[in-house]
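Participant: Quick one: the structure is below, questions incoming.
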Amino acid sequence: EAQVTQNPRYLITVTGKKLTVTCSQNMNHEYMSWYRQDPGLGLRQIYYSMNVEVTDKGDVPEGYKVSRKEKRNFPLILESPSPNQTSLYFCASARTGGNGELFFGEGSRLTVL
Amino acid sequence: GEDVEQSLFLSVREGDSSVINCTYTDSSSTYLYWYKQEPGAGLQLLTYIFSNMDMKQDQRLTVLLNKKDKHLSLRIADTQTGDSAIYFCAESLTGGGNKLTFGTGTQLKVEL
């Protein structure tokens with residue numbers, strides 16, 4: 001089954017404790033991206049990757065890091081989480097070209113105390 | 001940055017038509033999309049329209065595009081309780097490849 005898998009789905013952590021949210025896709029997609037969803041603000045892009053070893057900042061990259069060492073994986077790293085990073089995070093992937101359809105994971109709800 | 005705007009809430013009765021509206025900013029967008037987010041789930045592509053089209057119909061869904069006014073709408077005919085969800089409008093940016101800009105989302109509530 002074609003899918004984007006995120007882990008963990010739910011996490012409560014404390015300020016300053018480094019965490020990683022993993023994302024993996026099995027569709028051989030070149031493009032991967034991280035979004036955060038906040039009430040009244042819709043989805044905002046954090047980082048994206050056009051292919052292996054190629055990453056770029058989105059609209060709200062501050063406080064986040066990413067890496068793309070393998071085509072299928074695109075982890076999101078919060079080196080020192082703060083309460084304003086409490087949010088619902090989505091990973092998405094897409095085939096380059098075509099109609100640009102993004103395939104989304106089920107989301108990771110992060111709470112930073 | 002670019003803004004894609006939608007109203008936040010819409011409530012309709014089961015069996016009525018729903019119309020969700022969106023205004024976008026990039027007049028050169030190649031594709032415009034409607035995504036649906038059901039409770040506790042990620043977004044799924046509902047439909048999309050190529051920018052050189054005015055209308056696209058797919059079963060109960062009708063998408064209208066007014067490029068002059070940069071206005072996109074999604075009409076759902078015979079709305080059912082299973083249509084209750086958040087609907088996001090999105091545009092692909094010129095030269096942005098797969099980069100999409102999403103609206104704030106419209107929460108559709110279908111009442112019996």
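Participant: Only one of A:Pro81, A:Pro61 is surrounded by 21 or more Cβ atoms within 10 Å (Cβ to Cβ) and in a loop (DSSP other than H, G, I, E, B); which?
Facilitator: After applying the criteria, what remains is A:Pro81.
Participant: Here's another thing I want to ask about it. Among the numbered criteria (1) within 10 Å of the chain's Cα centre (by Cα); (2) more than 8 Å from every other protein chain (Cβ to nearest Cβ); (3) at positive phi, which one does B:Lys70 miss?
Facilitator: Every listed condition holds for B:Lys70 apart from (1).
Participant: Within the stretch B:1-22, take every residue that is assigned to a loop (DSSP other than H, G, I, E, B) and within 11 Å of chain A (Cβ to nearest Cβ) and give me the one that is farthest from B:Arg60 (Cα to Cα). Steps first, please.
Facilitator: Filtering the stretch B:1-22 for residues assigned to a loop (DSSP other than H, G, I, E, B) gives B:1-4, B:7-8, B:14-17.
Imposing the further condition that a residue be within 11 Å of chain A (Cβ to nearest Cβ) reduces the set to B:1-4, B:8.
On the way: B:Gly1: 34, B:Glu2: 30, B:Asp3: 28, B:Val4: 24, B:Leu8: 22 Å.
Filtering first and then ranking leaves B:Gly1.
Participant: Now for a separate question. Restricted to the stretch B:39-60, and to residues that are among the small types (Gly, Ala, Ser) and surrounded by 13 or more Cβ atoms within 10 Å (Cβ to Cβ), which residue is nearest to A:Asn99 (Cα to Cα)?
Facilitator: Residue satisfying both the conditions and the ranking: B:Ser51.
Participant: Check the stretch A:11-25 and report whether any residue there is buried (at least 16 other Cβ atoms within 10 Å of the Cβ), assigned to a loop (DSSP other than H, G, I, E, B) and not basic (Lys, Arg).
Facilitator: No, the stretch A:11-25 has no match at all.
Participant: Quick check, is B:Ser11 surrounded by fewer than 16 Cβ atoms within 10 Å (Cβ to Cβ), in contact with a Lys or Arg (Cβ under 9 Å, 6 or more places away or on another chain) and over 25 Å from A:Cys91 (Cα atoms)? It would help to see each step written out before you state the result.
Facilitator: Details: surrounded by fewer than 16 Cβ atoms within 10 Å (Cβ to Cβ): yes; in contact with a Lys or Arg (Cβ under 9 Å, 6 or more places away or on another chain): yes; over 25 Å from A:Cys91 (Cα atoms): yes.
In short, yes.
Participant: Within the stretch B:23-38, count every residue that is within 12 Å of another protein chain (Cβ to nearest Cβ), buried (at least 16 other Cβ atoms within 10 Å of the Cβ) and either farther than 17 Å from A:Gln37 by Cα or not aromatic (Phe, Trp, Tyr) (or both). Let's see the steps before the verdict.
Facilitator: First pass over the stretch B:23-38, keeping only residues within 12 Å of another protein chain (Cβ to nearest Cβ): B:29-38.
Checking which are buried (at least 16 other Cβ atoms within 10 Å of the Cβ) leaves us with B:29-37.
Then drop every residue that is not either farther than 17 Å from A:Gln37 by Cα or not aromatic (Phe, Trp, Tyr) (or both), which leaves B:29-33, B:36-37.
Residues in the stretch B:23-38 being within 12 Å of another protein chain (Cβ to nearest Cβ), buried (at least 16 other Cβ atoms within 10 Å of the Cβ) and either farther than 17 Å from A:Gln37 by Cα or not aromatic (Phe, Trp, Tyr) (or both): 7 in total.
Participant: Step by step: first the residues of the stretch A:64-78, then only those that are within 24 Å of B:Ala41 (Cβ to Cβ) and either of a type outside the set (D, E, K, R) or in a strand (DSSP E or B) (or both), then the one that is nearest to the other protein chains (Cβ to nearest Cβ). Which residue is that? I'd like the intermediate steps shown before the answer.
Facilitator: Of the stretch A:64-78, the ones within 24 Å of B:Ala41 (Cβ to Cβ) are A:64, A:66, A:72-76, A:78.
Going one step further and asking which of them are either of a type outside the set (D, E, K, R) or in a strand (DSSP E or B) (or both), we end up with A:64, A:66, A:73-76, A:78.
Values: A:Tyr64: 17, A:Val66: 15, A:Asn73: 17, A:Phe74: 13, A:Pro75: 17, A:Leu76: 15, A:Leu78: 20 Å.
That would be A:Phe74.
Participant: Another question, then. Against the condition facing chain B (nearest Cβ under 9 Å), surrounded by 14 or more Cβ atoms within 10 Å (Cβ to Cβ) and touching a residue at least 12 places away in the same chain (Cβ under 8 Å), how does A:Arg109 come out, does it pass?
Facilitator: no
Participant: Quick one: which of B:Lys36, B:Lys56 is closer than 28 Å to A:Gly105 by Cα, in contact with a Ser or Thr (Cβ under 7 Å, 6 or more places away or on another chain), in a strand (DSSP E or B) and not aliphatic (A, V, I, L, M)? Please lay out each step first, then the result.
Facilitator: Values: B:Lys36 fails: in contact with a Ser or Thr (Cβ under 7 Å, 6 or more places away or on another chain).
Matching residue, one of B:Lys36, B:Lys56: B:Lys56.
A short reminder: the numbers here are calculations on the coordinates, not readings from a lab. All values reported here derive from a predicted model rather than from experimental measurement. Here the Cβ is made from the backbone with ideal geometry for all residues, glycine too, and neighbour counts use every protein chain on show.
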